[in-house]
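Enquirer: Could you have a look at this structure, given as structure tokens, before my questions?
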Amino acid sequence: AQSVTQLDSQVPVFEEAPVELRCNYSSSVSVYLFWYVQYPNQGLQLLLKYLSGSTLVKGINGFEAEFNKSQTSFHLRKPSVHISDTAEYFCAVIGGATNKLIFGTGTLLAVQP
Amino acid sequence: GAVVSQHPSRVICKSGTSVKIECRSLDFQATTMFWYRQFPKQSLMLMATSNEGSKATYEQGVEKDKFLINHASLTLSTLTVTSAHPEDSSFYICSARTGIAYGYTFGSGTRLTVV
């Protein structure tokens, strides 16, 4: 079965500093990986996704992620964060024949002035 | 494009009553929709997969008689929480596959409070 692990429940960072949100996945078959952002009391918005091809994926709002098959990771990065990036970030996976999105536990990015 | 509209955004109901939540795909046809439940400060837990014209597939541990899902058209799926109790209070989110490169679009969620 597919699963994702987000080790950090909360990541505090100062404005304009770089940030990395970690995501590791577990799957015995090829995977498709996603990062979503959720603002309070709202649905989820897709930041980026990896389906195939280049392992460095660029998304919206200046975020990017790198797929690392050997380390089974898909960490999200941004070189300089803004206050408005404060939100919950979820890593998700689809694997094998299923078309279900399976989410990690989420990481709260708390950007401080 | 690929917008999913979810209503209501908030609902308060009395214990024992039923509540219906609607999820509509506005500009595309969604043969498959998903319903999630999210507890405060927790992840999204998949409740069921809804397929147009057929019965929903529920995840293990989800009471199908309590959470009724209907997907009668290519643009509408509904979740009805029957005989709601305070423990059913939660944030419910729907999602639809857009059919483009594993695209999934989410509704804005429904905050259900049972009193």
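Enquirer: Run the dipole for the protein assembly as shown about the Cα centre, Lys and Arg Cβ at +1, Asp and Glu Cβ at -1, nothing else charged, and hand back the magnitude in debye, nearest 20.
Expert: Dipole size: approximately 380 debye.
Enquirer: Right, next: So which aspartates and glutamates pass the test for residue A:100, namely a Cα distance under 13 Å, with those fewer than 8 places away in the same chain ruled out?
Expert: Filter leaves B:59.
Enquirer: If you don't mind, there's one more thing I want to ask. Please report the base-10 log of the normalised intensity I(q)/I(0) for chain A, using a Debye sum with one equal scatterer per alpha carbon and no solvent, at each q in 0.12, 0.13, 0.15 (1/Å).
Expert: The Cα Debye sum returns log10 ratios of -0.38, -0.44, -0.59.
Enquirer: Next question. Show me the chymotrypsin sites (Phe, Trp or Tyr not before Pro) within the range A:17-89 that DSSP assigns to loop and that have at most 11 other Cβ atoms within 10 Å of their Cβ. Mind showing how you got there, number by number?
Expert: Details: sites: A:25, A:32, A:34, A:35, A:36, A:50, A:63, A:67, A:74, A:89; in loops: A:63.
Taking the range A:17-89 and a limit of 11 other Cβ atoms within 10 Å, no loop chymotrypsin sites (Phe, Trp or Tyr not before Pro) are found.
Enquirer: I would also like to ask the following. Determine one quarter of the surface area of the Cα convex hull of the protein assembly as shown, which equals its mean projected area, and express it in nm² to one decimal.
Expert: Values: hull surface 50.1 nm².
Answer in nm², one decimal: 12.5.
Enquirer: Chymotrypsin sites (Phe, Trp or Tyr not before Pro) within the range B:58-115: which are DSSP loop residues with at most 16 other Cβ atoms inside 10 Å?
Expert: For chymotrypsin sites (Phe, Trp or Tyr not before Pro) across the range B:58-115 that sit outside H, G, I, E and B with at most 16 neighbouring Cβ atoms in 10 Å, the list reads B:102.
Enquirer: Also: List the aspartates and glutamates whose Cα sits under 19 Å from the Cα of residue A:78, skipping any in the same chain fewer than 8 residues away.
Expert: A:8, A:15, A:16, A:20, A:64, A:66, A:88
Enquirer: For the protein assembly as shown, can you list the cysteines whose C-beta has no other cysteine C-beta under 4.7 Å from it?
Expert: If one checks each Cβ against the other cysteines of the protein assembly as shown, B:13 turn up with nothing under 4.7 Å.
Enquirer: In terms of solvent-accessible area of protein heavy atoms at a 1.4 angstrom probe, what is the ranking of B:45, B:33, highest value first?
Expert: B:45, B:33
Enquirer: Compute for chains A and B the buried accessible surface, both sides summed, probe 1.4 Å, and express it in Å² to the nearest 100.
Expert: 1600 Å²
Enquirer: Can you tell which of A:30, A:40, A:82 lies farthest toward the positive end of the dipole of chain A, using +1 and -1 charges on the Cβ of basic and acidic side chains (Lys, Arg; Asp, Glu)?
Expert: So the residue we want is A:30.
Enquirer: If you place +1 on the Cβ of every Lys and Arg, -1 on the Cβ of every Asp and Glu, and leave all else neutral, what size is the dipole of chain A about its Cα centre, to the nearest 20 Debye?
Expert: 420 debye
Enquirer: Right, something else. How would you classify the range B:3-115 from its alpha-carbon gyration tensor, with a ≥ b ≥ c the square roots of the eigenvalues: rounded for a/c under 1.5, else prolate if a/b is greater than b/c, otherwise oblate?
Expert: Prolate, since a/c reaches 1.5 and a/b exceeds b/c.
Enquirer: Suppose accessible area is computed on protein heavy atoms with a 1.4 Å probe; arrange A:27, A:54 from highest to lowest.
Expert: So, going from the largest accessible area down, we get A:54, A:27.
Enquirer: For a quick check of understanding: with a 1.4 angstrom probe and all protein chains in place, what accessible area in square angstrom does residue B:37 have, to the nearest ten?
Expert: 30 Å²
Enquirer: Could you count how many Lys pairs in chain B have their Cα atoms under 18 Å apart, skipping same-chain pairs fewer than 8 positions apart?
Expert: Close lysine pairs found across chain B: 6.
The values are calculated or read from the model by the stated rules, or taken from the named source; none is laboratory data. Worth saying up front: this structure is predicted, and the values here are computed from it rather than measured. Ideal geometry is used to build each Cβ from the backbone, glycine not excepted, and the neighbour counts take in all protein chains shown. Side chains included, ligands, DNA and RNA excluded: accessible areas come from the protein's heavy atoms. Shrake-Rupley method; radii C 1.70, N 1.55, O 1.52, S 1.80 Å.
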